[in-house]
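Participant: Below you will find the structure I want to go over with you.
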Amino acid sequence: MPTELRSAAIVGIGSCLPERVVSNAELEQIVDTSDEWIRSRTGICERRIVDSTKAASDLAVQASLAALAMAGLPAAAVDLIIVATITPDNIFPATASRVQERLGARKAAAFDISAGCTGFVYALGVASQFIATGLYNNALVIGSEVLSKFVNWQDRKTCVLFGDGAGAVVLKAVPAGEGLLGLHLGSDGSGADYLAIPAGGSRLPASNSTVQRQLHTVHMNGPEVFKFAVRIMGEASLKVLKKAGLNKEDIDFLVPHQANSRIIDAATKRLGLEPEKVYINLERYGNMSAASIPVALEEVYLAGKLKVGDIVLLVAFGAGLTWGAAVLKWVLDVPEEGAS
Ligand code: ACO
């Protein structure tokens, strides 16, 4: 295929969700909150939490195996692995290197991307560029998060929001005009402290004091992130549609980052979309950060809601602050009944 006519498309998708379900009622037992508050302010009813032995790479490997199987791509043929995560196994090496080893993807280059909850859209965009230029013919793009290990379980403003999980997609080269049609990524570092794990990096290395002050857990200015998210989800969506030469009316399905149903409702209104065209699963998983979009996309696909040629809009916001939107022309056939 001549490289100037190449794009990248999702040809396999998989997920891994921990078995343990933690309901809002269970959280009422450990922190001063209520099922009513969490549901009405966020839309979340329950989330999945890993057991203490599991790390981001464990979930990533399981999700990847499912995506590779669907794509019919042997691990040994994978060219590139990108893991989007803010909860890596280690500060270094990259979680992607651990995934590469566990999969036996010996010829793959591997690295991580940190863009908060926007990480999957960033990773999808980066991997697609490698494919479009002809450097690689395929890529495995994963969002994997274990935020349960980084939240302060005494902080009701954050601990009720997040869940663990992973989603993975296999990208392959397709002719231009299919797969990724448009990409819009952005960042505003002036909001970096609105959502951060303050310690454990080179600015504030780990010490007894940082541990005592809970500085290795997620610190968030919820209302500021909320205001930003409500504005940026609509804006980013409109920008990427323009870049792709499409209109709001062309969208067949919106798969947004799953942080808060009120944020998604605002984006839906801004785009004038019918609610049936918007996928929401945060009531079951909470905010899985970079894993939210691939997990939701897999559910939409396995439910038979996407057909070849459909226009799918992905849009996310997250720590950084960052944002990203991608428009895809779907290329996978509706799965056979019972695939889900
Ligand atoms: N249970 C009960 N009460 C609570 C809880 C809780 N879990 N959390 C906060 N409250 C209280 C607060 O203490 C406050 O009480 P006060 O008025 O007496 O001080 C009151 O509820 C209102 O608090 P706010 O923070 O103003 O509530 P808000 O309506 O803004 O909702 C929320 C908070 C849900 C966090 C919202 O701000 C939000 O969704 N923000 C976006 C967060 C987000 O999406 N983060 C993920 C970013 S992506 C990434 O990269 C990880």
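Participant: Using θ = phi - 60° and the Karplus form 6.51 cos²θ - 1.76 cosθ + 1.60, what ³J(HN,Hα) does each residue of the range 81-91 get, whole Hz, x for Gly and Pro?
Facilitator: 10, 10, 10, 8, 7, 10, 10, x, 4, 9, 4
Participant: Follow-up question, since we're still on this one. Once you have the Kirkwood Rh of the range 7-179 from its Cα pairs, apply Stokes-Einstein at 37 °C and 0.692 mPa s and quote D in µm²/s. Show your work: numbers first, answer last.
Facilitator: Working: Rh = 16.7 Å.
Here the translational diffusion coefficient equals 196 µm²/s.
Participant: Scan around N287 for amide H atoms under 5 Å from its own, H built in the peptide plane at 1.01 Å from N, and keep only partners 5 or more places away or cross-chain.
Facilitator: Amide H to amide H, under 5 Å and 5 or more residues apart or across chains, N287 pairs with F162, G163.
Participant: Taking the Cα atoms of the chain alone, what are Rg (to one decimal) and Dmax (as a whole number) in Å?
Facilitator: 18.9, 60
Participant: Which whole-percent values make up P(r) of the range 180-329 when all C-alpha to C-alpha distances are grouped in 5 Å steps starting at zero?
Facilitator: Percent of Cα pairs in each bin: 2, 9, 18, 20, 18, 12, 8, 6, 4, 2, 1, 0.
Participant: Quick check for you: with a 1.4 Å probe and neighbouring chains kept, what is the accessible area per residue of the range 236-280, in Å²?
Facilitator: 48
Participant: OK, next. Carbon and sulfur atoms: what percent of the 1.4 Å accessible area of the chain do they account for?
Facilitator: Carbon and sulfur together cover 52 percent of it.
Participant: Something else about it: Going from most exposed to least, what order do R20, R106, R262 have by accessible area with a 1.4 Å probe?
Facilitator: R106, R20, R262
Participant: Let me ask something additional. Output wanted: per-residue J couplings in Hz (rounded whole) for the range 66-78, from phi through Karplus 6.51 cos²θ - 1.76 cosθ + 1.60, θ = phi - 60°, x for Gly and Pro.
Facilitator: 5, 5, 5, 4, 5, 6, x, 10, x, 4, 5, 9, 6
Participant: Measure up K54/K243; K54/K329; K239/K305 against 31 Å on the Cα-Cα distance and list the ones that go over.
Facilitator: From the list (K54/K243; K54/K329; K239/K305), the Cα-Cα distance tops 31 Å for K54/K243; K54/K329.
Participant: Top to bottom by accessible area (1.4 Å), largest first, where do E298, E283, E101 land? Let's see the in-between values first.
Facilitator: Details: E298 25, E283 60, E101 135 Å².
Reading off the accessible areas and sorting them downward yields E101, E283, E298.
Participant: Can I ask one more? For K107 and T210, compute 0.36 nm times the residue count separating them, minus their Cα-Cα distance, and round to one decimal in nm. Please report the intermediate quantities before stating the final value.
Facilitator: Working: separation 103, 0.36 × 103 = 37.08 nm, distance 3.99 nm.
Stretched fully, the K107-T210 segment lengthens by 33.1 nm.
Participant: At q = 0.12, 0.16, 0.18, 0.23 Å⁻¹, what base-10 log of I(q)/I(0) does the Debye formula yield for the range 261-340 when every alpha carbon is treated as an equal point scatterer in vacuo?
Facilitator: -0.38, -0.68, -0.86, -1.34
The values are calculated or read from the model by the stated rules, or taken from the named source; none is laboratory data. Nothing here was measured: the structure is a model prediction, and the numbers come from that model. Ligands, DNA and RNA are excluded from the accessible area calculation, which covers all protein heavy atoms including side chains. Shrake-Rupley method; radii C 1.70, N 1.55, O 1.52, S 1.80 Å.
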